[in-house]
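Remarks on the structure that follows.
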């Protein structure tokens, strides 16, 4: 098995950022310099084998995940802001075409029936709207897409939904 230093470095950076740790803070917790952490993240070197279990514990993951042993080939990357924009476009479609327009009504009806919900009420309720954003992200994860957990934590105002999406990201081997 070949380990790609650059891929491992990106993974360490991704996981570290998700934990909101600086390179210095991670280095301190591992008793290594921030320069060592920086070299890992740039793919110049790999962490010593003896450090990997502690690194995995701090980053709340597995050594396999850090080393990208079971890396999944993702179909693409999604951004939370695009999910938000997409749902806002649906809302805007009702404003532009009219809420009684058959095109808009059919889209809303399809969503409501397939999800057993009322998406229109979510357009005026920040918490419910964010639940739909979380669902949109989760559906993309299930379809094989990738999302950066740092992006998730940055764009969700309600911690509950960020945590749910991050749990699904773990389920789909993203973190």
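The values are calculated or read from the model by the stated rules, or taken from the named source; none is laboratory data. Since this is a predicted model, take the numbers as computed values, not measurements. Counting neighbours? That spans all protein chains shown, and the Cβs are built from the backbone with ideal geometry, glycine included.
Is the stretch 102-111 home to any residue that is out of contact with any strand residue (DSSP E or B) (no Cβ under 8 Å at 6 or more places or on another chain) and under 18 Å from residue 158 (Cα atoms)? No: zero hits. Among the residues of the stretch 145-158, is there at least one that is over 25 Å from residue 22 (Cα atoms) and touching a residue at least 40 places away in the same chain (Cβ under 8 Å)? There is at least one residue in the stretch 145-158 that is over 25 Å from residue 22 (Cα atoms) and touching a residue at least 40 places away in the same chain (Cβ under 8 Å).
On the stretch given as the stretch 17-41, residues that are under 21 Å from residue 146 (Cα atoms) and part of a loop (DSSP other than H, G, I, E, B) total 2. Quick one: is residue 20 surrounded by fewer than 16 Cβ atoms within 10 Å (Cβ to Cβ) and in contact with a helix residue (DSSP H, G or I) (Cβ under 9 Å, 6 or more places away or on another chain)? Yes; evaluated as a whole, the condition is true for this residue. Looking at the stretch 111-175, the helices (runs of 4 or more DSSP H) lying wholly inside it that each contain 1 or more residues that are more than 30 Å from residue 100 (Cβ to Cβ) sit at 126-142, 149-155, 159-171.
Checking the conditions here, which among 172, 146 is touching a strand residue (DSSP E or B) at 6+ places or on another chain (Cβ under 6 Å), at negative phi and modelled with pLDDT under 90? Talk me through it step by step, then tell me what you get.
Working: 172 fails: touching a strand residue (DSSP E or B) at 6+ places or on another chain (Cβ under 6 Å).
After applying the criteria, what remains is 146.
Here residue 14 passes the criteria (1) farther than 17 Å from residue 67 by Cα; (2) assigned to a helix (DSSP H, G or I); (3) at pLDDT below 90 except the one numbered (1). When the helices (runs of 4 or more DSSP H) confined to the stretch 49-100 are screened for residues that are modelled with pLDDT of 85 or more and surrounded by fewer than 13 Cβ atoms within 10 Å (Cβ to Cβ), those reaching at least 1 such residues are found at 52-58, 80-97.
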